[in-house]
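**Student:** I'd like to ask some things about the structure below.
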Amino acid sequence: MARTQAFAVVLFTPLMVLFAGQLWSNAAQTTSKSAAAVTRKPPSQKQRDAIALATSAGPASISGKATIIGCGGGSCADMNELAKGPATQLRSGTNDWVCYALKDGPMCLDKQWRKWMEAWMSKNDPKIEGTGIGYMLRGDTGSSNTDPYAMSPTANNQWVIAPPHIMVLYQDQKMLDAYPTDPKSGGPWVMWKGTPYAHVMVPVSPTKAATISVKQ
């Protein structure tokens, strides 16, 4: 009888410890989930507007699952504001794309294009390791066709207002030689030729060519 009682005590004690530990673990998980539910706030209208702007830049099959980046909890004015930072992640994604809420031209970029953007922001040469694709299906409000860092039109910097377009990066920039640099034809052209940031602009709006404006 004493042995039975002793065995019961030996068996019962670890079971109680295990049961108590499981209760504590479940309670901790419940508390953690409850705390997360309390602290996770729904996006503000400013954030929702920025997300809608960013996702409009690319095909829904891509932008709908992309990470969304903006500035200060909303949209950035342009890439210059994005470069100054701090950038804000407005939504996490499940694919390898990032869409940027830029008021002057939202864009969705793949990995190679994000390397390009980082290089442009730091004024370094981009290290492109393959073909890169970027989407700007809302077009943009204008940029120089010759100067990657121009802020406004001048008499000779070919200020281009581009229609909805796709952007293509090549690892070998010699492949750019097959394309013109004139944006007025309505077909593909090379922007920023002769710089480390040169790329192909491919309009997807057949009835609207890019326009060039000159500051008077």
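The values are calculated or read from the model by the stated rules, or taken from the named source; none is laboratory data. Just so we're clear, the structure is a prediction, and the values are computed from it rather than from any experiment. Positions of Cβ are generated from backbone atoms using ideal geometry, with glycine treated the same way; all protein chains shown enter the neighbour counts.
**Student:** Which count do you get for residues in the stretch 71-130 that are among the polar types (S, T, N, Q) and more than 22 Å from Thr195 (Cα to Cα)? Don't jump to the end; show me each part of the working.
**Tutor:** First, the residues of the stretch 71-130 that are among the polar types (S, T, N, Q): 75, 80, 88-89, 92, 94-95, 112, 122, 124.
The next check asks that each one be more than 22 Å from Thr195 (Cα to Cα); those that pass are 75, 88-89, 92, 94-95.
Selection size over the stretch 71-130: 6.
**Student:** Which residues, taken from the stretch 104-122, are part of a loop (DSSP other than H, G, I, E, B) and either at pLDDT 95 or above or small (Gly, Ala, Ser) (or both)?
**Tutor:** Gly105, Pro106, Asp110
**Student:** For the stretch 135-168, which residues satisfy the criterion of being part of a strand (DSSP E or B) and either under 14 Å from Met191 (Cα atoms) or without any contact (Cβ under 8 Å) to a residue 24 or more places away in the chain (or both)? Please lay out each step first, then the result.
**Tutor:** Narrowing the stretch 135-168 to residues part of a strand (DSSP E or B): 135-136, 143-144, 159-161, 165-168.
Passing the criteria: Ser143, Ser144, Trp159, Val160, Ile161, His165, Ile166, Met167, Val168.
**Student:** May I ask you to list the residues in the stretch 185-216 that are at pLDDT below 95, farther than 18 Å from Leu137 by Cα and surrounded by 13 or more Cβ atoms within 10 Å (Cβ to Cβ)?
**Tutor:** Answer for the stretch 185-216, where residues must be at pLDDT below 95, farther than 18 Å from Leu137 by Cα and surrounded by 13 or more Cβ atoms within 10 Å (Cβ to Cβ): just Ile212.
**Student:** Here's a follow-up. Of everything in the stretch 128-152, what is exposed (fewer than 12 other Cβ atoms within 10 Å of the Cβ) and not small (Gly, Ala, Ser)? Give them in sequence order.
**Tutor:** Residues satisfying the conditions are Glu129, Met151.
**Student:** Collect the residues in the stretch 58-97 that are within 14 Å of Met167 (Cβ to Cβ) and free of Cβ contacts under 8 Å to residues at least 60 places away in the same chain, keeping them in residue-number order.
**Tutor:** Met79, Trp97
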